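Here the structure is laid out as C-alpha cells; the discussion comes afterwards.
The values are calculated or read from the model by the stated rules, or taken from the named source; none is laboratory data. Treat the numbers as computed from the prediction; the structure is a model and nothing was measured. Note that we place each Cβ from the backbone using ideal geometry, even for glycine, and neighbour counts take in every protein chain shown. When the accessible area is computed, the model is the full protein with side chains, heavy atoms only, and any ligands, DNA or RNA have been set aside. Shrake-Rupley method; radii C 1.70, N 1.55, O 1.52, S 1.80 Å.
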Number of protein chains: 2
Amino acid sequence: VNPSRTALPGAVGHPAATHGPVRVVGTGLLGASIGMALRAGGVDVVLVDPSRTTVLLARDVGAGRLPQADEAEPVLVVVAAPPDVTADVVLAELAAHPHAVVTDVASVKASVLAAVRSGGGDLRRYVGSHPMAGSERSGPTAARPDLFVGRPWVVAGTPDSAAGAVLAVRTLATDVGATPVLLDARVHDEAVALVSHLPQIAASLVAARLRQADPAALDLAGQGLRDVTRIAASDPALWTSILAANAGAVAPVLRALRDDLDVLVEALERTERAAAAEQVAGGALGALAATIAAGNAGAARIPGKHGGARRDYDVVTVLVPDQPGELARLLGDMGTAGINLEELAIEHAPAQAVGLAGLSVLRGLGGRLETELSARGWRVAG
Amino acid sequence: VNPSRTALPGAVGHPAATHGPVRVVGTGLLGASIGMALRAGGVDVVLVDPSRTTVLLARDVGAGRLPQADEAEPVLVVVAAPPDVTADVVLAELAAHPHAVVTDVASVKASVLAAVRSGGGDLRRYVGSHPMAGSERSGPTAARPDLFVGRPWVVAGTPDSAAGAVLAVRTLATDVGATPVLLDARVHDEAVALVSHLPQIAASLVAARLRQADPAALDLAGQGLRDVTRIAASDPALWTSILAANAGAVAPVLRALRDDLDVLVEALERTERAAAAEQVAGGALGALAATIAAGNAGAARIPGKHGGARRDYDVVTVLVPDQPGELARLLGDMGTAGINLEELAIEHAPAQAVGLAGLSVLRGLGGRLETELSARGWRVAG
C-alpha cells in the first residue's frame, strides 16, 4: 500500500465519526473508494463482493478486510452494487442485518426506494444516497480515498426514515470528505436527469453523427467538438441501466429539448427557403438568435467549480517550448510573482516545437501577470 | 507594441512568401491577426475598416498601416468582414482592384460563392477561405499573430479559379503558420455543419434546459455538464448569421439528430411503461445501449489535438497544496524525471487548502511518473 494514501486533506484521514464495522457490499470504484476513505479515518471496514477477484483487489488497495467466520454485526451497510441489482441487494442486507442502517450509492434513487418499499424492506433503516463522484476508470484498482473530497453527496431520506439512520448516512458522507445534500428521491432524480443524464445523451447524439463523417470533415474538428463529446466515450452497459432506472425523469427533459430542436429546424428550413427566393426570413433569424441566447442564459446559471458563482478569470496566453521543465519554469515565475494559477489550458501546435499555455488567474491580475512574465523573457501571445 | 509579438514560432516570423501590399478589409480579431502575422514576415499590410476606431486599434497593435493618398494597387485582398456582408464587400473589392486576388475568411463558403457569382464577380480572382481559428474574445485588441499556427485553413477554390489565385491564398495560409486544406465550398459547409455548428447547437439546447432549473439541481453539476455547455456562452448575433448562412447544410444534420432523439424518447417511454407494469422492456434497453454505443463509435473518430489518431494518455493524479509555486515545483520534478506533460487538469476542492492535479503523460509512462513523484514526496492519489 502506498503510504501517501494515508495522509489526506481535510476530513479524510482525521478520525471518522462513523462507527464500525461498516459492511461494503460491492467493491468496485465507489465501494473500494468508500472503504479506503473510512479506513483512513480508522473505521473497521468489511468487504463483500460476488467476485472473489474484485474483493481481494479491494482488500489489497487498502479498502478494508474480508469477513471473519464469527463476524460481528455491522452498524452500517453500504450497497455499492450495479444499479439494476441495487434494490434486491438492499432488501437482502436489511433482512440479514436487522439492526444495521443500510444505504446505497446508486445514481438513481426513486426506483430503488419504490422497489425496497414494495419488497417489504424496513424503511426506517434504509436511506438511499448518491455521491456525485466518479471516474472514467472503474474497478477497485481505480479507487481513491479522496474520490469524494469536496463533492456533493445526496442523502435521500423519506418520512419513514429514522432520524438516526439519516444521521448515519450524513456522517458517512462527511467522513469521506463529501458535502451532504438532503434531497427527496424524486427531486434528486429530476436534478440528475437535467445536470448529468441530459448532457450524456447530448454528447452521445452529437458524437453518433460523426460515425459516417468524411475524414476531411473530422480534420477540421476544434476544441468545441472535443468538449461537447468528451463524455460520449462512456460505458453503454452502465448508462443503459442508469437511463432505464430514471426513464420517468429523463423523458420529459428530452421531450422539452426536442420541442426546442423542432423550432430550430423549422427556422433553418424557413431561412433556406427564403434564401432560395433571395429574401430574408426575419422571424426565422429571431428563432436562431433566441436559441443561442437561451443557451447563454442557462450556461450562466451553472455554479463555478469552487461552488458559488461562476468565476470570471483573466486568461494570459504564453508560448512555451515543448520540452520537459519549461512549463514548470513558467509556473515557477508565476509563483515568484505571487500570482496563483486557477486553471491551465495547454495546447500543442502540431509539428511545432512550441505549445500555448493559457493561464487563468483571478480577474484583475492578468495585466500584472503579463508584465511580470514579459519582464522574465516569456513570449506573451495575448 | 510588445516586442515579444515579433519573435514567433514556426513559419510566423520567417520571411513571408506572400507579396504585398496586402489589403485587409475588416480589422477585427481575424483581420488584425492576419495583419500581425504577415507583418512579422515582413509583408506590407494596408488596413481598412468602416470603423475608424477599429482600424486605428489594429494599426496600434501592429497589424499594418493605414492607406496612403497615392496607395499602390494591392496584390492580395483579404476580406474579414461579418458573414452577412462578406459577399458584398468581396464584390466591391473585385471591382475596385481589377488585378488583385481576393479572398474572404467567412465561416460559411457556398452562400458567399453563390452571391459573388450572381453578383457578376470575377471568379478567376476570387478564392474563398476559412481559417479554423478563433477566440472567445473579439476585436483587434484580442488579435494574436500566432492565432493560426497549426490550425487548418480551408481554401475553397472552384473550377473557375486561376491557379495563381489558389496559390496566393494557400501561400497566405502557410505564411501565417496554418495548414492549407483544399475543399470544395459545399463540402466545407457540410463539414463545419457537423464539427462546428452541430456542437454549438447541442451545447445551446442543453444549456437552455437549465434556465428554469432548481438551484439545488445546479449545485449537483459536474465536469460533464460544464464541458458540454462551455461553448453555449457564444455570441447570439454572430451565430445567427453563421447558422442562417449555412441553413442548407445544418438542417439535415439536425433532422438526423432528431430522428435519433425520437428513437431514444420512445425507448425511454416504453421503459417507463414496462416499469409501471413491473416488466422489463428488453428492446427498449437495446435502443438505449445503441445510443451510447453509437456515441462511443463517433467520438473515437475525432482526431487527437496533435492531428492523427486520438492519443491515449496515462493520467496520474497528485495532491497539490493550493499555494503559488507548488504546481511549478511538481512540474519541475516531472521535468527532472524527463517526463513531458501532455495535458494538465486542475481541480480545487472547495474549502480545502489543496488541489488535485491530473497529469496526462504518454501511454506507458504513468507508472514511472508515479514512482518518481512518490519518491520526491508527492502524494499520488491514483
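Placing pseudo-labels 7 Å out from each Cα toward the beta carbon at A:D122 and B:H99 gives an inter-label distance of 9.7 nm.
For B:V154, the residues whose modelled amide H falls within less than 5 Å of its own, excluding neighbours fewer than 5 places apart on the same chain, are B:H130, B:M132, B:V181. Along its first, second and third principal axes, ordered by size, segment B:150-197 spans 31, 28, 9 Å in Cα coordinates. Counted over the protein assembly as shown with a bin width of 20 Å, the fraction of Cα pairs per bin, in whole percents, is 16, 45, 30, 9, 1, 0.
Peptides B:290-299, A:359-368 ranked from most to least packed by the mean count of surrounding Cβ atoms within 10 Å: B:290-299, A:359-368. For chain A, modelled as a Gaussian network with Cα springs under 10 Å, which listed residue fluctuates most, A:G325, A:G139, A:G248? Top of the fluctuation ranking is A:G325. Taking A:S118, A:S196 and ordering them by how much accessible surface each has at a 1.4 Å probe, largest first, produces A:S118, A:S196. When chain B is treated as a GNM, springs tying every alpha-carbon pair under 10 Å, which of B:A203, B:A267, B:A221 comes out with the largest mean-square fluctuation? The residue that fluctuates most here is B:A221.
Cα centroid separation, segment A:65-117 to segment B:79-116: 68 Å.
Enclosing the Cα atoms of segment A:53-97 in their convex hull gives a volume equal to 99 cubic angstrom per residue. Stretched out straight at 0.36 nm per residue, the stretch from A:R363 to A:A256 would grow longer than its current Cα-Cα span by 34.9 nm. For the residues of A:169-182, the average number of beta carbons from a partner chain within 10 Å of their own beta carbon is 1. Here is how the number arises for the protein assembly as shown: DSSP H runs of 4 or more residues each give -39500 (n - 2.57), the sum is divided by the residue count, and the result at 222 nm is -13000 deg cm²/dmol.
Over the C-alpha atoms of chain B, the Rg to Rh ratio, Rh being the Kirkwood estimate, stands at 1.04. Note on B:330-336: average number of Cβ atoms from other chains within 10 Å of each residue's Cβ is 5.
Within the assembled protein chains, the solvent-accessible surface assigned to A:H97 is about 20 Å², based on a 1.4 Å probe. Just to be sure I understand: of the beta bridges DSSP finds with both ends in the protein assembly as shown, what percent are antiparallel, rounded to 5? Here the antiparallel bridges make up roughly 50 percent for the protein assembly as shown.
Rounded to the nearest 20, the size of the Cβ-charge dipole of chain A about its Cα centre is 500 debye, with Lys and Arg at +1 and Asp and Glu at -1. Residues whose amide H falls under 5 Å from that of B:Y126, counting only those 5 or more places apart or on a different chain, are B:V102, with hydrogens built in the peptide plane. Give me the orientation-averaged projected area of the Cα convex hull of segment B:207-309, in nm², one decimal. Computed as one quarter of the Cα hull surface, the answer is 10.1 nm². Each listed q (0.11, 0.17, 0.21 Å⁻¹) maps to a log10 I(q)/I(0) for segment B:58-163, found by the Debye formula over equal Cα scatterers with no solvent: -0.37, -0.88, -1.22.
Residue by residue, segment A:232-237 carries 3J(HN,Hα) couplings of 5, 7, 5, 6, x, 5 Hz when phi is fed to the Karplus relation 6.51 cos²θ - 1.76 cosθ + 1.60 (θ = phi - 60°); x denotes Gly or Pro. Projecting the Cα atoms of B:L147, A:S118, B:P321 onto the dipole axis of the protein assembly as shown, where Lys and Arg carry +1 and Asp and Glu carry -1 at the beta carbon, places B:P321 farthest toward the positive end. Projecting the Cα atoms of B:V46, B:V61, B:G35 onto the charge dipole of segment B:35-76 (Cβ charges, centred on the Cα centre) puts B:V61 farthest toward the positive pole.
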